[in-house]
Amino acid sequence: MSRYLNPRADLTFKRVFGEHKNLLISFLNAMLPLEDGEEIREIEYLPNELVPEIPLRKKYSIVDVRCTDNHGRVFIVEMQMEWRPEFMQRMLLNASKAYVNQTEPGEEYDELNPVYALALLNENYEEGDDYYHHYTIVEDAHTERVLKGLEFVFVELRKFHPDKYSAKKMHILWMRFLTEINERTDTPNSDLLENDDIRSAIKILERSAYTDAQMRTYDYFWDSVSIERTWESYSRKQEAKGRAEGLAEGRAEGEAKGRAEGLAEGEAKGRAEGLAEGEAKGRAEGLAEG
């Protein structure tokens, strides 16, 4: 039996980043595009706000962490196991609610602080090899002009390949923590264990630290994800089958229509040519008799 659990599950992700402020600070500083001198020093956890559910059969989006730092900035971290286009709108909604809820009616707008939304995606959603996507609100004609307030970072975990980057950077170490440690891990890579924060996070993932009830919850989560993926795969296959059958039916109908039209056209042409030929022959015979 493996010694470790996967950090991307609901239970483990919340245990690592929702209960250990020092690890969350390290993670956010490594993952967010913060300028020098803007690093997070202290945080306080915020309660998860109620937001409308995406109208889907299931939702495996984990709203794990909401926190504010000593500058008043708000940070939202979500793990999305199954990518859907609606997820982008959900992130916009969550970040916008966090931004608006900072003030009471009648308060000054200059008291609003920036909101950063970090989404970790277990599936790809963009073309290309880049795994890190930073979105801001910019002017269309002059993208260097940024409207401050909301920033979004989407990280496609499956596109990350550590051999392309410096393994010692905290960003890379945290990415490797998320993508390398799982149920098949018996001995973590020494690069990860050499860093205090990563080593502490890995220790939290040790299977022995979880009760039998927690392990059942953990297993149920992955079973649910597998069922959802199976259902999505089946739906895509059925959709593709329907398109193929519709295309085949359309081709058959088109061919039948073409044959019918061709036959009708041929018969009409034949009748016209026969009539013309008969008339010409009649006139010729009449002239000969005269």
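The values are calculated or read from the model by the stated rules, or taken from the named source; none is laboratory data. Given the structure is predicted, the values throughout are model-derived calculations rather than measurements. Cβ sites come from the backbone with ideal geometry, for glycine too, and all protein chains shown count toward neighbours. Heavy atoms of the whole protein, side chains included, go into the accessibility calculation; ligands, DNA and RNA do not. Shrake-Rupley method; radii C 1.70, N 1.55, O 1.52, S 1.80 Å.
Computed quantities for the displayed model
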{"item": "Strands (runs of 3 or more DSSP E) contained entirely in the range 113-170, each with at least 3 residues that are within 22 Å of Asn29 (Cβ to Cβ) and not aliphatic (A, V, I, L, M)", "result": "132-138, 146-156"}
{"item": "Complete set of residues in the range 196-226 that are touching a Pro at 6+ places or on another chain (Cβ under 9 Å) and either at positive phi or in contact (Cβ under 8 Å) with a residue 60 or more places away in the chain (or both)", "result": "Ala201, Ile202, Ile204, Leu205"}
{"item": "Residue that is modelled with the lowest pLDDT [pool: residues in the range 70-98 that are in contact with a helix residue (DSSP H, G or I) (Cβ under 8 Å, 6 or more places away or on another chain) and surrounded by 20 or more Cβ atoms within 10 Å (Cβ to Cβ)]", "result": "Met81"}
{"item": "Unmet criterion (only one of (1) open to solvent by less than 20 Å² (accessible area, probe 1.4 Å); (2) at pLDDT 90 or above; (3) acidic (Asp, Glu)) for Glu44", "result": "(1)"}
